[in-house]
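The values are calculated or read from the model by the stated rules, or taken from the named source; none is laboratory data. Please read all numbers here as calculations on a predicted model, not as lab measurements. So basically every Cβ, Gly included, is an ideal-geometry build from the backbone, and we count neighbours across all protein chains shown.
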Amino acid sequence: MAKSWCIFFIFWPTLALAVCWMAPAWGWWFPGDAASTLGARIDDLFYLILIIVSVVFVGTHVGLAYVLWRGSSFNEPKALFTHGSHNLEVIWTIVPSGILLFIALYQMDVWADYRVQSAFPPEAVRAPVAEVTARQFEWRIRYPAPGKTLQLTPQPDDLYTVNDLHIPVGRPVMIQLRSDDVQHSFFVPMLRVKQDAVPGLVIPIWFDSVRSDTYELLCAELCGWGHYKMKARVVAQSDANFKSYLAELHREQFDDGVPSAATESSEAAETASKSE
Amino acid sequence: MSVAHPALADHSHEAHGHHDPGFVRKYIFSTDHKVIGIQFLATPLLMLMVGGALALGVRWQLAFPWQAMPILGSGLFAAEGGQISPETYTMLFTMHASVMIFLVIIPVLAGAFGNFLIPLMIGADDMAFPTLNMLSYWFMWPAIFFFGASFATAGGPNAGPAAGWTSYPVLSAIPDAAPGSGPAQTLWLFGLTFVGVSSMMGSVNYMTTIINMRAPGMTLFRMPMTIWGMFITAILQAFALPVLTAAGFMQLFDRVRLFGMGIHTCFFVPAGLIVNNADPTVGGGHPLLWQHQFWFYSHSAVSIMLLPVMGMVSDMLTTMCRKPLFGYKPMVYSLAAIAGLGFIVWGHHMFTSGMNPALGMTFMISTMMIALPSAVKVFNWIGTIWGGKVQFNTVMLNCVAFISMFIVGGLSGIFMAAVPVDIYFHDTYFIVAHFHYVLFGATLFGVFGGIQYWFPKMFGRMMSETLGKIHFFLSFAGFNCTFFPMHLLGIAGMPRRYADPYLHPYLEHLLPMNQFMTISAIVMGFAQFLLLINFFGSIFWGKKASRNPWNANGLEWVAPSPPPHGNFESVPVVHRGPYEYSSPLVDDRDYLMQTDVLPLKGAEA
């Protein structure tokens with residue numbers, strides 16, 4: 001009976017390892033390779049920790065299984081009389097602390113690049129692409145008018161969309177994240193980006209997309225009964241497509257079909273060319 | 001209060017013996033630590049079933065979204081035809097966590113085992129403040145009442161609390177923010193306050209008792225690990241809890257109206273928010289303040305929910321392996337280190353919250369460092385089993401499960417401690433997997449073992465081994481099948497607290513896996529009835545237990561089973577530490593009790 005319990009305690013960790021080994025093949029893994037440069041670095045860190053953790057998991061469980069197995073077939077009248085070992089304590093304090101410190105220090109760079117504002121890519125900071133405002137239960141996006149830069153306060157010629165964020169591909173972009181009501185969290189799994197939107201704060205975040213694609217944007221902080229349905233998308237597209245997208249938005253939101261003095265010359269020209 | 005001086009202690013026993021307190025004072029409003037401990041054990045066991053039923057509601061929705069829930073559904077969600085609405089879903093997980101944390105795990109460890117074991121293990125005849133002790137139990141009931149009442153407001157426009165057990169403002173602070181942020185949230189905060197008062201009374205009592213009332217010879221470093229765990233937990237609670245209580249009152253003031261006037265402070269609410277078309281907030285506060293205060297307590301609460309059980313497992317493990325504890329002092333120091341570091345790691349719950357990123361780095365280092373004492377403990381437990389004469393009974397099986405599950409929970413914590421990786425994992429099911437491995441996998445299995453181990457002392461009868469083993473088998477298998485796949489859900493990017501994750505195409509393929517997990521959870525849930533049957537059945541029909549059925553060393557095994565009022569026939573005198581198993585000093589048996597005087601005269605078991 002004792003032996004079968006040993007096997008029981010060997011079976012479960014083995015099953016866990018097997019499932020993890022098969023998980024990527026069965027689709028129980030990341031939704032896809034990270035589509036951002038920082039995301040790729042985050043994935044690398046994840047795999048590094050995964051390797052270290054797996055070694056420790058196997059090591060401790062082999063140890064546990066070994067001592068249990070030995071204990072189950074112990075035939076002498078008395079167990080080993082020992083109160084511990086100073087040397088072992090020193091070893092198993094120093095070695096893990098070294099490994100843990102290494103993991104912690106090794107992570108610093110990525111975190112600094114992601115969040116410390118002085119490390120943000122200058123080109124992204126110069127021209128934030130949009131302001132994203134979360135509210136129950138949608139994402140409101142405010143772009144500056146073509147050719148202008150985003151101001152912290154809304155401008156009369158700003159462009160608005162809901163649940164549809166477009167960004168240029170292949171270069172770092174920055175957004176200003178706000179919340180109108182409660183806390184939300186801006187989560188794009190494929191880009192490995194997550195940042196809470198905190199009422200009363202404007203939080204700049206930057207990311208990039210290495211390929212033209214459409215990603216899911218969702219809320220990762222409980223924000224009420226409709227938390228699960230704050231579904232939106234992030235569209236990464238080429239500079240040219242992004243520009244024409246903004247121009248199209250501008251046309252939709254400002255062009256009433258009558259050329260006016262306020263209309264910018266470039267746009268007047270566009271409208272003219274279209275009507276020809 | 002009694003004193004450790006033998007003559008005085010004996011005198012007080014006689015004084016107690018003269019009057020019969022009557023049924024109510026003896027079994028209901030009792031000041032006897034053993035009765036209070038048993039009350040504190042039975043109540044959380046029943047609450048465990050309530051919390052479990054709520055969890056099954058959550059699991060049902062994740063596996064079979066928007067389908068009427070069988071059995072429970074027709075009663076609980078009758079308004080929606082047995083189907084769980086998204087509002088109800090938020091309330092279910094809020095109450096599941098609140099019940100499990102505040103009404104099950106915290107009271108079952110400090111309340112039940114702390115109360116029952118502290119005086120017995122240190123050789124005292126009762127707690128330092130017996131009346132305070134009684135009040136600490138009875139203050140649980142207002143908490144249960146308020147939590148229950150907050151949930152019972154469901155159905156109307158103001159339903160149960162829905163802001164999660166973390167209760168983040170602004171969602172929780174403004175009544176218009178969520179269906180449950182009305183009166184239900186206020187009641188929930190009252191409940192929280194009463195739990196806090198109850199824990200605080202316990203904590204003061206435990207500290208005083210352990211410092212002042214140890215039997216002669218029971219030096220600090222002869223105390224069993226259980227007592228160390230309880231002692232450090234009590235200190236931790238005394239320092240961390242006031243912060244949560246203060247924060248709770250601040251949130252209450254942000255919300256409530258008194259005498260027709262709004263207090264409406266703005267501790268947590270900034271200006272100019274228009275929540276759900278209500279009037280704009282006047283503001284001036286900051287939502288992150290709550291998160292700092294809340295996690296300052298609630299991370300320490302993780303230690304409160306873990307340290308006592310670490311101690312208990314150390315005690316059970318040595319008995320079941322017939323071996324001294326491997327590295328007693330390192331075990332004590334690492335307990336203290338977990339508690340100490342536990343005060344400076346709260347920020348790891350807030351890596352993505354928008355706090356200063358430099359804080360993220362410091363909290364990452366301190367969080368990584370807390371893994372160190374945890375690792376030391378694991379190695380020492382394995383060292384304790386090594387070379388032992390292992391008895392594979394229910395107690396031992398639960399202890400091994402504790403170690404194994406604690407390893408998994410500890411290792412998955414490293415992913416989250418690493419800030420960049422946490423960007424992705426924060427608020428996904430990876431987190432859910434992690435804390436269930438720690439709080440259920442480790443703590444609850446430890447508690448299952450503890451119940452089986454100290455049951456003979458509580459009731460003078462043994463619990464059934466067969467039922468215990470079946471319960472263990474089903475719980476362990478069910479637990480792992482339910483919670484291990486959650487790691488994979490997290491890696492796949494499934495967020496927590498989603499009523500319907502499958503709305504998002506990249507999560508659709510996870511439905512079958514969630515169904516498997518739910519079925520496992522149902523099996524595990526029903527397995528808990530075996531525990532209840534075993535527990536309540538063994539009180540009446542269990543095999544009679546001797547004083548020391550496990551041949552253990554601790555002082556509690558010197559007293560009769562169950563110990564009478566006043567516990568010991570005479571004040572025990574302690575000669576050695578609690579872990580002298582298989583000592584070469586004695587030939588005919590493999591244990592040496594703390595009170596044994598060498599050479600043994602006609603060894604009596």
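Here are the numbers:
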{"read-out": "Hits in the stretch A:57-75 (condition: in contact (Cβ under 8 Å) with a residue 12 or more places away in the chain and under 20 Å from A:Ala18 (Cα atoms))", "value": "A:Phe57, A:Val58, A:His61, A:Leu64, A:Ala65"}
{"read-out": "Flag for B:Gly148 being out of contact with any strand residue (DSSP E or B) (no Cβ under 8 Å at 6 or more places or on another chain), among the small types (Gly, Ala, Ser) and under 22 Å from B:Asn212 (Cβ atoms)", "value": "no"}
{"read-out": "Some residue of the stretch B:528-543 being closer than 14 Å to B:Ala124 by Cα and assigned to a loop (DSSP other than H, G, I, E, B)", "value": "no"}
{"read-out": "Residue within the stretch A:44-64 that is facing chain B (nearest Cβ under 7 Å) and of a type in the set (Asp, Glu) present", "value": "no"}
{"read-out": "Residue in the stretch B:545-558 that is surrounded by 15 or more Cβ atoms within 10 Å (Cβ to Cβ), charged (D, E, K, R) and not in a loop (DSSP other than H, G, I, E, B) present", "value": "yes"}
{"read-out": "Residue satisfying condition, being within 10 Å of another protein chain (Cβ to nearest Cβ), among the aliphatic types (A, V, I, L, M) and either assigned to a strand (DSSP E or B) or under 30 Å from A:Asp208 (Cα atoms) (or both), within set A:Ile103, A:Ile94", "value": "A:Ile103"}
{"read-out": "Residue in the stretch A:226-233 that is among the aliphatic types (A, V, I, L, M), within 14 Å of another protein chain (Cβ to nearest Cβ) and in a loop (DSSP other than H, G, I, E, B) present", "value": "yes"}
{"read-out": "Cross-chain or 6+ apart pairs with Cβ under 9 Å, the stretch B:281-301 first and within 20 Å of B:Gln237 (Cα to Cα) and within 11 Å of another protein chain (Cβ to nearest Cβ), then assigned to a helix (DSSP H, G or I) and hydrophobic (A, V, I, L, M, F, W, C)", "value": "B:Trp290/B:Ala247; B:Trp290/B:Met250; B:Gln291/B:Trp346"}
{"read-out": "Residues located in the stretch A:194-214, provided they are more than 10 Å from chain B (Cβ to nearest Cβ) and either in a helix (DSSP H, G or I) or out of contact with any strand residue (DSSP E or B) (no Cβ under 6 Å at 6 or more places or on another chain) (or both)", "value": "A:Asp208, A:Val210, A:Arg211"}
{"read-out": "Which numbered condition B:Thr384 misses (of (1) of a type in the set (Ser, Thr, Tyr); (2) under 19 Å from B:Phe435 (Cβ atoms); (3) more than 7 Å from chain A (Cβ to nearest Cβ))", "value": "(2)"}
{"read-out": "Residue match in the stretch B:221-234 (condition: surrounded by fewer than 21 Cβ atoms within 10 Å (Cβ to Cβ), over 28 Å from B:His348 (Cα atoms) and at pLDDT 95 or above)", "value": "yes"}
{"read-out": "Search result, residues across the stretch B:260-298 that are assigned to a helix (DSSP H, G or I) and of a type in the set (A, V, I, L, M)", "value": "B:Leu288, B:Leu289"}
{"read-out": "From A:Leu222, A:Leu217, A:Leu191, residue being more than 7 Å from every other protein chain (Cβ to nearest Cβ) and within 24 Å of B:Gln61 (Cα to Cα)", "value": "A:Leu217"}
{"read-out": "Checklist (1) within 21 Å of A:Glu216 (Cβ to Cβ); (2) part of a helix (DSSP H, G or I); (3) free of Cβ contacts under 8 Å to residues at least 24 places away in the same chain applied to A:Trp28, failing item", "value": "(2)"}
{"read-out": "Where a residue in the stretch A:186-203 is touching a residue at least 12 places away in the same chain (Cβ under 8 Å) and its partner, wherever it lies, is among the basic types (Lys, Arg), with Cβ under 8 Å and at least six apart", "value": "A:Phe186/A:Lys194; A:Phe187/A:Lys194; A:Val188/A:Lys194; A:Ala197/A:Arg178; A:Leu201/A:Arg178; A:Val202/A:Arg178; A:Ile203/A:Arg178"}
{"read-out": "Members of the stretch B:479-531 that are buried (at least 21 other Cβ atoms within 10 Å of the Cβ) and among the aromatic types (Phe, Trp, Tyr)", "value": "B:Phe479, B:Phe483, B:Phe484, B:Tyr498"}
{"read-out": "Positions within the stretch B:206-256 being over 15 Å from B:Gly554 (Cα atoms) and among the aromatic types (Phe, Trp, Tyr), in sequence order", "value": "B:Tyr206, B:Phe231, B:Phe239, B:Phe249, B:Phe253"}
{"read-out": "Residue count for the stretch B:287-318, restricted to those that are more than 21 Å from B:Leu241 (Cα to Cα) and not aliphatic (A, V, I, L, M)", "value": "4"}
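Residue-by-condition table, conditions (1) touching a helix residue (DSSP H, G or I) at 6+ places or on another chain (Cβ under 8 Å); (2) at pLDDT below 90:
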residue: B:Ala9; (1), (2): no, yes
residue: B:Leu56; (1), (2): yes, no
residue: B:Arg59; (1), (2): yes, no
residue: B:Met69; (1), (2): yes, yes
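Each row is one residue, and each column tells you yes or no for (1) facing another protein chain (nearest Cβ under 8 Å); (2) assigned to a helix (DSSP H, G or I); (3) without any contact (Cβ under 8 Å) to a residue 40 or more places away in the chain.
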{"site": "B:Gly493", "(1), (2), (3)": "yes, no, no"}
{"site": "B:Arg497", "(1), (2), (3)": "yes, no, no"}
{"site": "B:Tyr502", "(1), (2), (3)": "no, yes, no"}
{"site": "B:Met513", "(1), (2), (3)": "yes, yes, yes"}
{"site": "B:Ala521", "(1), (2), (3)": "no, yes, no"}
{"site": "B:Met524", "(1), (2), (3)": "no, yes, no"}
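Results for (1) under 24 Å from the mean Cα position of the chain (by Cα); (2) under 27 Å from A:Leu218 (Cα atoms); (3) in the same structural domain as A:Ala40 (by TED's automatic domain parsing), shown as yes or no for each residue.
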position	(1), (2), (3)
A:Trp92	no, no, yes
A:Met108	yes, yes, yes
A:Pro128	yes, yes, no
A:Thr133	yes, yes, no
A:Trp139	yes, yes, no
A:Pro156	no, no, no
